[in-house]
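Engineer: Input: one structure, supplied below.
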Amino acid sequence: MHDETQQLEAFQARIDAGEKIEPKDWMPDNYRRQLIRMISQHAHSEVVGMLPEGNWITRAPSLRRKMILLAKVQDEAGHGLYLYSAAETLGIDRAELIEQLLTGKAKYSNIFNYPTLTWADIGMIGWLVDGAAIVNQTMLAKCHFGPYSRAMIRICKEENFHNKQGYELVATLARGTPQQRRMAQESLNRWWWPTLMMFGPPDDQSPNSAQLMRWKIKLQSNDELRQRFVDRTVAEAKAIDLEIPDPDLRFNEQTGHWEHGPIDWDEFWRVIRGDGPYNHERIRVRREAHERGAWVREAAEAYALKRREKAASAAG
Ligand code: 3HC
């Protein structure tokens with residue numbers, strides 16, 4: 001039996017050689033723990049993310065917008081299921097992951113703790129939040145843990161639809177009546193900074209990044225991805241004459257990047273520690289849905305038990 005050091009060296013050598021790690025491969029406990037943490041929090045984000053959007057399904061301004069929003073929310077549920085399945089390949093049960101969410105032990109993306117106050121917010125989520133998710137997830141589609149990278153490939157295709165429909169919704173408002181323009185700008189003012197926080201704390205305050213980059217789970221840092229998102233989104237805002245709510249935003253000719261002003265990291269840490277505008281409401285609604293859905297889980301478990309008993313008696 002190799003001793004632990006040799007196993008760790010062989011494991012890292014596989015990653016450095018560009019190999020993907022699969023669930024049945026030997027892996028350090030800390031690798032398993034980190035991947036369960038990251039993938040399950042991603043899954044929680046997808047499921048909790050349905051709530052702010054679901055809030056507007058009955059109030060969409062047209063049948064077309066309602067159908068688009070219904071399709072998007074349904075996609076997010078599917079993303080959550082893919083990601084819970086990817087986390088389960090690491091040997092943890094989905095029921096335990098959901099318990100961690102409902103008891104506040106597990107995190108989900110900061111962005112979903114903000115309210116959707118106007119219809120423009122639905123466009124902002126598609127344009128900004130899914131835009132940020134695409135920047136992050138196209139990186140994760142190349143990560144070196146097989147099930148995670150494969151889940152990302154399908155999810156990214158759907159995120160692109162989400163992002164385009166969100167931008168089209170905001171562009172429609174931006175060239176609409178003065179009230180619609182004002183609604184779009186007011187929404188951008190509220191969503192811009194929490195979206196930049198989605199990429200995580202600055203690199204020098206990120207306890208997990210170094211290890212995740214050694215394991216090629218993160219292929220770019222939090223700040224690199226944030227910068228990529230800012231560069232792409234400032235151009236999109238300008239194209240529809242909306243103003244990014246950052247008085248310090250300026251284009252650096254040397255680097256070719258848009259430099260943004262300071263982010264309020266106190267707000268970020270406060271929100272992810274549970275004290276954001278809607279944290280309690282989100283968990284309350286998730287808990288309620290979980291309790292209401294208990295009968296479905298019981299029926300599915302009873303059916304699966306029956307099937308197992310039938311197969312066992314057929315096998316004699
Ligand atoms: N929201 C909540 N918590 C966050 C966060 C955020 N935006 N960014 C960082 N954190 C937490 C981390 O979870 C970590 O806490 P923990 O150790 O207790 O889990 C702490 O802050 C320190 O941050 P790190 O940078 O060290 O953490 P990571 O290396 O894990 O990086 C991350 C954070 C960039 C979010 C990374 O986990 C990641 O890429 N996750 C996968 C993508 C994801 O979860 N996206 C969520 C959005 S899903 C979405 O937008 C759905 C779309 O369809 C609408």
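The values are calculated or read from the model by the stated rules, or taken from the named source; none is laboratory data. Only a predicted model underlies this, so the values are computations on that prediction, with no experimental measurement involved. As a convention, Cβ positions derive from the backbone with ideal geometry for all residues, glycine included, and neighbour counts pool all protein chains shown. Just the protein is used for accessible areas: all its heavy atoms, side chains included, with ligands, DNA and RNA removed. Shrake-Rupley method; radii C 1.70, N 1.55, O 1.52, S 1.80 Å.
Engineer: Can you tell me how many residues within region 74-105 are assigned to a helix (DSSP H, G or I) and either at pLDDT below 95 or open to solvent by 20 Å² or more (accessible area, probe 1.4 Å) (or both)?
Structural biologist: Here the count works out to 14.
Engineer: Moving to a separate point now. Quick one: in region 156-179, which of the residues that are surrounded by 17 or more Cβ atoms within 10 Å (Cβ to Cβ) and polar (S, T, N, Q) is farthest from residue 120 (Cα to Cα)?
Structural biologist: Within region 156-179, the match that is farthest from residue 120 (Cα to Cα) is 163.
Engineer: Just to be sure, is residue 153 β-branched (Val, Ile, Thr) and at pLDDT below 95? Before the answer, list the steps.
Structural biologist: On the way: β-branched (Val, Ile, Thr): yes; at pLDDT below 95: yes.
So residue 153 passes the test.
Engineer: Hey, residue 65 hits all of (1) part of a helix (DSSP H, G or I); (2) farther than 28 Å from residue 300 by Cβ; (3) out of contact with any helix residue (DSSP H, G or I) (no Cβ under 9 Å at 6 or more places or on another chain) but one; which does it fall short on?
Structural biologist: The single condition residue 65 does not satisfy is (3).
Engineer: List the number of the failed condition for residue 263; all other conditions in (1) of a type in the set (Val, Ile, Thr); (2) crowded, with 20+ Cβ neighbours inside 10 Å; (3) part of a loop (DSSP other than H, G, I, E, B) hold.
Structural biologist: Condition (2) is where residue 263 drops out.
Engineer: Still on this model: Quick one: which of 239, 302 is over 28 Å from residue 44 (Cβ atoms) and exposed (fewer than 13 other Cβ atoms within 10 Å of the Cβ)?
Structural biologist: Values: 302 fails: over 28 Å from residue 44 (Cβ atoms).
Result: 239 is the single residue among 239, 302 that is over 28 Å from residue 44 (Cβ atoms) and exposed (fewer than 13 other Cβ atoms within 10 Å of the Cβ).
Engineer: Select from region 38-73 the residues that are within 12 Å of the ligand (Cβ to nearest atom) and without any contact (Cβ under 8 Å) to a residue 24 or more places away in the chain and list them in ascending order. Lay out the reasoning, then the answer.
Structural biologist: The initial filter retains those residues of region 38-73 that are within 12 Å of the ligand (Cβ to nearest atom), namely 38-53, 72-73.
Correct list: 73 only.
Engineer: Can you tell me which residue is surrounded by the fewest Cβ atoms within 10 Å (Cβ to Cβ) among those in region 26-36 that are in contact (Cβ under 8 Å) with a residue 60 or more places away in the chain and of a type outside the set (A, V, I, L, M, F, W, C)?
Structural biologist: 30
Engineer: Run down 134, 153 and say which single residue is surrounded by fewer than 24 Cβ atoms within 10 Å (Cβ to Cβ), over 19 Å from residue 60 (Cβ atoms) and within 11 Å of the ligand (Cβ to nearest atom). Working first, answer last.
Structural biologist: Working: 153 fails: within 11 Å of the ligand (Cβ to nearest atom).
Checking each option against the conditions leaves just 134.
Engineer: Would a scan of region 181-201 turn up a residue that is closer than 30 Å to residue 9 by Cβ and open to solvent by less than 60 Å² (accessible area, probe 1.4 Å)? Give the derivation first.
Structural biologist: Of all residues in region 181-201, those closer than 30 Å to residue 9 by Cβ come to 200.
Subsequent filtering for residues that are open to solvent by less than 60 Å² (accessible area, probe 1.4 Å) retains 200.
Yes, there is a match, as at least one residue in region 181-201 is closer than 30 Å to residue 9 by Cβ and open to solvent by less than 60 Å² (accessible area, probe 1.4 Å).
Engineer: Moving to a separate point now. Looking at (1) open to solvent by 60 Å² or more (accessible area, probe 1.4 Å); (2) part of a loop (DSSP other than H, G, I, E, B); (3) not aliphatic (A, V, I, L, M), can you tell me which one residue 220 breaks?
Structural biologist: Exception for residue 220: condition (1).
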